[in-house]
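Contents: one structure, followed by commentary.
Please treat every number below as a calculation from the coordinates, not as lab data. Bear in mind the structure is a predicted one, so any value in this text is a computation, not a measurement. All Cβ positions, even for glycine, are placed from backbone atoms using ideal geometry, and neighbour counts span all protein chains on display.
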């Protein structure tokens with residue numbers, strides 16, 4: 001069947017109850033799905049599910065939602081007439097159920113990867129299940145295992161890591177391509193609308209602008225996040241490597257007739273490495289935590305960005321309404337809850353990142369100092385080995401140890417002053433918090449008494 005088109009600057013939303021039955025939807029969703037609003041209301045959300053979607057993906061999707069965690073995924077949907085359309089969907093828990101905002105996916109690497117991945121998973125599920133519905137659980141289990149394997153092969157440790165990167169990539173690309181041009185007509189129409197609704201639109205757009213800057217900063221740190229997670233393993237392995245070098249040096253020196261000084265130096269190094277081990281473990285854990293926090297913050301900022309724009313778009317769809325309907329106010333209230341939750345998690349993430357960076361800086365400086373000491377011991381070891389005969393093997397060990405220490409010092413130096421590397425903007429973060437408060441106030445005012453609309457001058 002052909003693909004149903006919608007534009008990059010369009011967003012659509014639906015909210016459901018706790019069982020996944022559609023409560024509310026916006027005009028774009030109605031148009032793209034081909035159903036009327038009345039046909040969608042009360043129906044299970046899988047009314048638009050496409051058979052080309054792997055069940056394992058929805059299992060992962062619902063696992064997170066039921067754990068009260070936000071989730072994002074590439075989803076192929078089916079319209080009423082059988083046409084298909086692809087979306088990047090981000091769903092979040094809201095009071096009484098869930099809210100899902102969808103945008104058009106365009107990433108040139110991740111989107112094609114997902115299409116191939118889903119095709120393989122669907123084929124696997126069908127081969128396992130066959131014509132036996134009772135084998136569905138087995139099919140989902142096999143598909144879930146294969147999903148993890150495929151993502152690992154693509155460089156993603158978990159589905160969560162993949163969805164974090166995918167969401168940031170898609171929202172960042174869309175924000176760069178669309179900007180606020182598509183929202184200009186709404187801004188122009190706002191002065192003639194109910195002032196309460198106009199204030200919601202204005203506040204949501206201001207929040208989106210602030211998140212633009214934050215999202216750009218966080219997206220630019222994705223490479224840093226990857227490196228932090230990768231280097232955490234290196235740091236943890238370093239302790240065992242250095243201990244092994246010192247042990248081998250001690251054993252080699254003990255076999256020499258005049259190896260006393262060399263044994264003493266290797267013993268001092270071994271003691272230093274033992275003392276260094278907890279610091280290296282602490283540094284490795286902090287690096288891993290910081291990398292994960294950066295990815296989580298990027299995801300939350302991206303989700304908050306599209307949810308804030310969705311608020312503006314949804315408000316804009318109702319600027320001509322004579323009265324503010326309870327359904328429209330409910331939708332905006334649920335979106336406010338989603339935005340508040342994402343922004344709250346973003347603030348918590350920033351605080352946790354600050355703590356991790358402080359810990360990384362302290363541990364990295366201590367490790368760096370300790371490595372300077374063991375490097376000096378390694379130089380003394382090579383000098384002592386040069387004075388004795390038959391010490392080629394020992395000299396080689398000390399030389400290899402020296403190279404390993406030099407490499408480690410260089411690696412650890414990258415983690416000093418990490419906050420400057422990340423380019424944090426405290427003023428931007430403060431403005432985003434204030435913008436969120438303005439959104440909360442504007443939506444709360446919707447339930448107040450109607451205010452007179454602006455009248456043109458005569």
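What the table below lists for this structure:
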quantity: Modelled FRET efficiency - R0 25 Å, residue 369 with residue 154, Cβ distances, 0.05 increments; calculated: 0.05
quantity: Angle between the chain longest axis and helix 260-317 axis [Cα atoms, degrees, rounded to 10]; calculated: 10 degrees
quantity: Modelled FRET efficiency - R0 30 Å, residue 134 with residue 18, Cβ distances, 0.05 increments; calculated: 0.65
quantity: Shape category assigned to the range 1-178 from the gyration tensor of Cα positions, a/c cut at 1.5; calculated: rounded
quantity: The range 353-413: proportion of alpha-carbon pairs further apart than 18 angstrom, %; calculated: 47 percent
quantity: Linear extension gain, residue 362 paired with residue 244, 0.36 nm per residue minus alpha-carbon span; calculated: 39.9 nm
quantity: Of (1) 1.13; (2) 0.99; (3) 1.02, the label for Rg/Rh (Cα atoms, Kirkwood Rh) derived from the coordinates; calculated: (1)
quantity: Two-site label geometry, residue 7 and residue 49: point separation in nm, points 7 Å out along Cα→Cβ; calculated: 3.3 nm
quantity: Among 69-75, 138-144, the order from most to least packed when residues are scored by Cβ within 10 Å on average; calculated: 69-75, 138-144
quantity: Theoretical FRET efficiency, 1/(1+(r/R0)^6), r = Cβ-Cβ of residue 63 and residue 251, R0 35 Å, to 0.05; calculated: 0.10
quantity: Estimated inter-spin distance, residue 106 and residue 127, nm [label 7 Å along Cα→Cβ]; calculated: 3.7 nm
quantity: Principal-axis tilt of helix 110-129 within the chain, Cα atoms, nearest 10 degrees; calculated: 90 degrees
quantity: The range 1-79 and the range 276-298: distance between their alpha carbon centers, rounded to Å; calculated: 36 Å
quantity: Mean ellipticity per residue at 222 nm, deg cm²/dmol - from DSSP H runs of n ≥ 4 across the chain, formula -39500 (n - 2.57); calculated: -23500 deg cm²/dmol
quantity: Rg/Rg_globular for the range 320-359, with Rg_globular taken as 2.2 N^0.38 Å and Rg from C-alpha atoms; calculated: 1.91
quantity: Potential extension, residue 323-residue 176 segment - 0.36 nm per residue separation minus Cα distance; calculated: 49.4 nm
quantity: Nearest 10 degrees, 0 to 90: helix 222-254 Cα axis against the chain principal axis; calculated: 20 degrees
